[in-house]
1. Starting with the highest mean, order 80-92, 44-56, 159-171 by the number of other Cβ atoms within 10 Å, averaged over the residues of each peptide.
2. Nearest 5 percent is fine: what portion of the DSSP beta bridges confined to the chain is antiparallel?
3. Around Thr159, with a cut-off of 15 angstrom between Cβ atoms, what is the net charge of the other residues, counting Lys and Arg +1 and Asp and Glu -1?
4. When N counts the residues of the stretch 87-196, how does its alpha-carbon radius of gyration compare numerically with 2.2 N^0.38 Å, as a ratio?
5. What does the C-alpha gyration tensor say about the overall shape of the chain? Classify as rounded when a/c is under 1.5, otherwise prolate if a/b is larger than b/c, or oblate.
6. Label-point separation (nm) for Phe113 and Ala205, each offset 7 Å from Cα along Cα-to-Cβ?
7. Rounded to a whole number, what is D in µm²/s for the stretch 17-88 from Stokes-Einstein with the Kirkwood radius over alpha-carbon pairs (20 °C, 1.002 mPa s)?
8. Compare the peptides 182-192, 24-34, 9-19 by average per-residue count of other Cβ atoms within 10 angstrom and give them in order, highest first.
Amino acid sequence: MNLTLHFSPGACSLVPHTLLLETGIAFEKVLTNTADGTTKSAAFKQVNPKGRVPVLIIDGAVLTEVPAISSFIAAQRPDLALMGRDAMEQARVLEWFNWLSGTMHGQGVAGMFRPYRFTDDEQAWPAIKAKARETLADGHAQIESRIADREWACGDHFTAADPMLLFIYRMSNRLGMNLPESRPAYTAWAERMEKRPSVQAMLNAEGISIYE
Ligand SMILES: N[C@@H](CCC(=O)N[C@@H](CS)C(=O)NCC(=O)O)C(=O)O
């Protein structure tokens, strides 16, 4: 099977990137930068009309959306149970994905970074950013209490929800929310994540830090 991941350093493509490294499956990477307009180029839109990363190409078939791609990668290594070991853990992984993708990323991170997605009225952008910051801060409080008593997002077993939680951690720091200062449990979890070989390899390959 031929796998090609379109990614941009530090973008949510770091989730499938980490998971591919976690599985040890061979794959190729194509740098598709969100910062220089490549994701909006005509050539890339022929690959993904949504103009976003990540994209995983599987023997020529194009798969988009972090949760879908993560589920596909997890299915290649059922022994790792990256989407959860039993019905409850599987439901917990989906619970994290839906909230982290829809609310924390789609409303919080995107609202602060890209308020133009919500309205063309530039005068409304400061209010959109302020509401998005509130959404993120409220989410950080929920994450802090959920993660305090456990090793990984769903308990004692690493799952695909963990890299998604790391993406939110990094983006929040980049947005100036300084989680190492305000969220000790979330930060202790992030430090555990940083020790995983897959996460180290992803950070090195993308040339990024989780703190800025
Ligand atoms: N719902 C999508 C979100 C994808 C997304 O928003 N990707 C961002 C990077 S984190 C992107 O490609 N942005 C480029 C742009 O908006 O031009 C998913 O789960 O994959």
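1. Result, highest mean first: 159-171, 44-56, 80-92.
2. Numbers: 9 of 13 bridges.
Taking every DSSP beta bridge within the chain, about 70 percent pair in antiparallel fashion.
3. Once positives and negatives cancel, what remains is -1.
4. Here the Cα radius of gyration is 1.10 times the empirical estimate.
5. Numbers: a/c = 1.64, a/b = 1.04, b/c = 1.58.
In terms of gyration-tensor shape, oblate.
6. A separation of 1.9 nm, rounded to one decimal place.
7. Working: Rh = 13.5 Å.
For the chosen part, D equals 159 µm²/s.
8. Taking the mean over residues of other Cβ atoms within 10 Å, the ranking is 9-19, 182-192, 24-34.
Where a number appears in this text, it was derived from the coordinates with a stated rule and is not lab data. A quick note: this is a predicted structure, and the numbers were derived from the prediction, not measured. All Cβ positions, even for glycine, are placed from backbone atoms using ideal geometry, and neighbour counts span all protein chains on display.
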